[in-house]
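The values are calculated or read from the model by the stated rules, or taken from the named source; none is laboratory data. Please read all numbers here as calculations on a predicted model, not as lab measurements. Positions of Cβ are backbone-derived with ideal geometry, glycine not excepted, and every protein chain shown enters the neighbour counts. Only protein heavy atoms, including side chains, enter the accessible area calculation; ligands, DNA and RNA are left aside. Shrake-Rupley method; radii C 1.70, N 1.55, O 1.52, S 1.80 Å.
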Amino acid sequence: MITTEDIMEIALCFTDRTLTEGETAVLITLCGEANRLWESRLRDELDPEDFRGMYCLACAYTALGNFNDGRQAGEPSPVSFRLGEFSVNRGSGTTVVRRSLQAQAEALMAPFTTDGDFAFLEVVG
């Protein structure tokens, strides 16, 4: 059985610094939720233990994307600024990391999950 601690161990490989006690608690919670999310999306006949490495990595990516978004959202930084003719617009950079990590997790898990994005639509012509 894959545990939150298994996923947390992988997620910690991608952090670039030592986390505070509070950050660790948040990341543990996010790892547990990512585990529940991905397990709910698996095809019925599959067990996460059969592809443990990819499953844990996808869960870690999902948790880290959400963790990074939350952490950066609390940092005071300008969204945009202008200096003469030069302007910088940071936009919604926090969600870019989350979307990238989520896309990587989706790609890893695509062979193992139900296809919830496909549908036949009737076109009246």
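Residue order by solvent-accessible surface for 13, 56 is 13, 56, largest first, with ligands and nucleic acids left out and a 1.4 Å probe.
Would you check the accessible area of residue 7, probe 1.4 Å, heavy atoms only, in square angstrom rounded to 10? For residue 7, solvent-accessible area is about 0 Å².
Distance in nm between label sites at residue 41 and residue 17, each 7 Å beyond Cα in the beta-carbon direction? Label-label distance for residue 41 and residue 17, simple model: 3.0 nm. Restricting region 1-75 to trypsin sites (Lys or Arg not before Pro) that sit in a DSSP loop and have at most 12 other Cβ atoms within 10 Å of their own Cβ leaves 17, 43.
On full extension, the segment bounded by residue 29 and residue 97 gains 22.6 nm, given 0.36 nm per residue less the C-alpha separation. Within region 1-48, the GluC sites (Glu not before Pro) that combine a DSSP coil assignment with at most 12 other C-beta atoms in a 10 angstrom radius are 45.
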